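Engineer: Sharing a structure below in structure tokens format, with a few things to ask.
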Amino acid sequence: LLAGAAGLRLPRAASPSGEAVARGEVVLLREPGRSFPVLPAEPPIAEMLLAPWDAGGGRAGTVWGASHDPACRFDGEDARLLRSLSGFAACAFRATRAEELRDIQRRLADESAQRVAAERELEESHAILQAAMDTETVGLAFYSLDGRILDCNGALQRMTGYSREELRAVRHWADLAAPEFVEITRRALAELRAGGRAAPYMKQLVRRDGSLWWAMVAPTCLPGESDTRKCIAFVPDISESRRAEAALAASEERFQALVKGFGQAVWEADADGAVRTDSPGWRELTGQGAGEQLGLGWLKAVHPDDRHFVLRQWHEALAGGAPLNAEYRVRLANGGWRWTNVRAAPLRNPDGSIGRWIGMNIDVDARRQAEGALRESDG
């Protein structure tokens, strides 16, 4: 039997198949092992019948019939049957090859679709990158983890006053920072090297003409390997907002100086007139504990004879949205009563509605005492 030879590959020229394919007809061989030593020796083959088959592009193979019994002889009916089987073999081969071809075509189609999708994604990434490079309001810097600037957009060139070539020639990204911000720049690079990203940070940079400007730097690492990775930083100019913050801080300082010079307390209430935030000045003046003045709790520090008057004035101001100007006596933290003048004004939202009230108490006790003494002398 040939069961043990399943999968065996024989050179065509050294096997019986070569002879059958060459003749193009059914071939009968007696004791083929003598002429073709490549055939299995055990058990010996007494007779072999071979029929070639055509795969549509020429003869491609053969169908074998083998007998191990010397008394068994192949006849014409065997040859006809083998010839029919060769036709089935050819059909099976063509079907297999067709399926293989379809598999190849499907794989090629899938690969082509993946390639098209990858190319489209790459084009979209390039478009996004180009749009970022073309932005006029945010600077964009590409640099390596050793601090060398590799490229930048036009916005960063305008912000710094340097050309692209000059920025590429800078030894280290930190060299563009004001001296006091060099270390924070180097720390951000260390964070990028360690974890691939760094928290956004603010720093002052020095322009080519020596002037200073404020930048918010938001850096991150692009994909890559260790120190060969490239970094990208979005760099908006925040100089105007920093100037506004400085102006606001200066204004706040002037206001606080004014309050300390003339006022007793500053407080804040919501649109309905309820105090929602703590006023350290009011607590210092009246001795009320933290939170006691919230809502309408401040009334407890007002002289009992003045409470109805003050509350009526406050409600009228709230109803009309007009500034409040009233005087009443307030209990002092160290005991006794003192006259105070309360001024409050509404802060309005863009739509004109009242968002909150800001108020201040001013000490007028000396004036009220003088007025009282004058009335007594006149009386």
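The values are calculated or read from the model by the stated rules, or taken from the named source; none is laboratory data. Just so we're clear, the structure is a prediction, and the values are computed from it rather than from any experiment. Neighbour counts are summed over all protein chains in view; Cβ atoms, including those assigned to glycine, are modelled from backbone coordinates with ideal geometry. For accessibility, only protein heavy atoms count, side chains too; no ligands or nucleic acids. Shrake-Rupley method; radii C 1.70, N 1.55, O 1.52, S 1.80 Å.
For every residue, the table says whether it meets (1) of a type in the set (A, V, I, L, M, F, W, C); (2) in contact with a His (Cβ under 7 Å, 6 or more places away or on another chain); (3) surrounded by 10 or more Cβ atoms within 10 Å (Cβ to Cβ); (4) at pLDDT 70 or above.
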site: PHE88; (1), (2), (3), (4): yes, no, yes, yes
site: ARG102; (1), (2), (3), (4): no, no, yes, yes
site: ALA109; (1), (2), (3), (4): yes, no, yes, yes
site: VAL116; (1), (2), (3), (4): yes, no, yes, yes
site: ILE128; (1), (2), (3), (4): yes, no, yes, no
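Engineer: Kindly provide the set of residues from segment 164-179 that are open to solvent by 40 Å² or more (accessible area, probe 1.4 Å) and either farther than 20 Å from MET202 by Cβ or not acidic (Asp, Glu) (or both), ordered by number.
Structural biologist: ARG164, GLU165, GLU166, ARG168, ALA169, ARG171, PRO179
Engineer: Restricting the first residue to segment 80-93 and requiring it to be of a type in the set (Lys, Arg), which pairs with a second residue that is open to solvent by less than 70 Å² (accessible area, probe 1.4 Å) meet a Cβ separation below 7 Å and a spacing of at least six or different chains?
Structural biologist: Here the result reads ARG83/VAL26; ARG83/ALA51, each pair linking segment 80-93 to a residue that is open to solvent by less than 70 Å² (accessible area, probe 1.4 Å).
Engineer: Also, quick follow-up: Every residue in segment 154-176 that is under 15 Å from ALA218 (Cα atoms) and either in contact with a strand residue (DSSP E or B) (Cβ under 8 Å, 6 or more places away or on another chain) or among the β-branched types (Val, Ile, Thr) (or both), please.
Structural biologist: Those that are under 15 Å from ALA218 (Cα atoms) and either in contact with a strand residue (DSSP E or B) (Cβ under 8 Å, 6 or more places away or on another chain) or among the β-branched types (Val, Ile, Thr) (or both): LEU156, TRP173.
Engineer: Any chance segment 228-245 includes a residue that's surrounded by 13 or more Cβ atoms within 10 Å (Cβ to Cβ) and at pLDDT below 80?
Structural biologist: Among the residues of segment 228-245, at least one is surrounded by 13 or more Cβ atoms within 10 Å (Cβ to Cβ) and at pLDDT below 80, which makes the answer yes.
Engineer: Residue by residue through segment 177-225, note down the ones that are closer than 14 Å to PRO236 by Cα and among the aromatic types (Phe, Trp, Tyr).
Structural biologist: TYR201, TRP213, TRP214
Engineer: Next up: What pairs come up if the first residue lies in segment 107-136 and is under 20 Å from LEU156 (Cβ atoms), the second is modelled with pLDDT of 70 or more and acidic (Asp, Glu), and their beta carbons are under 9 Å apart, counting only those six or more places apart or on different chains?
Structural biologist: If the second residue must be modelled with pLDDT of 70 or more and acidic (Asp, Glu), the pairs left are MET133/ASP151.
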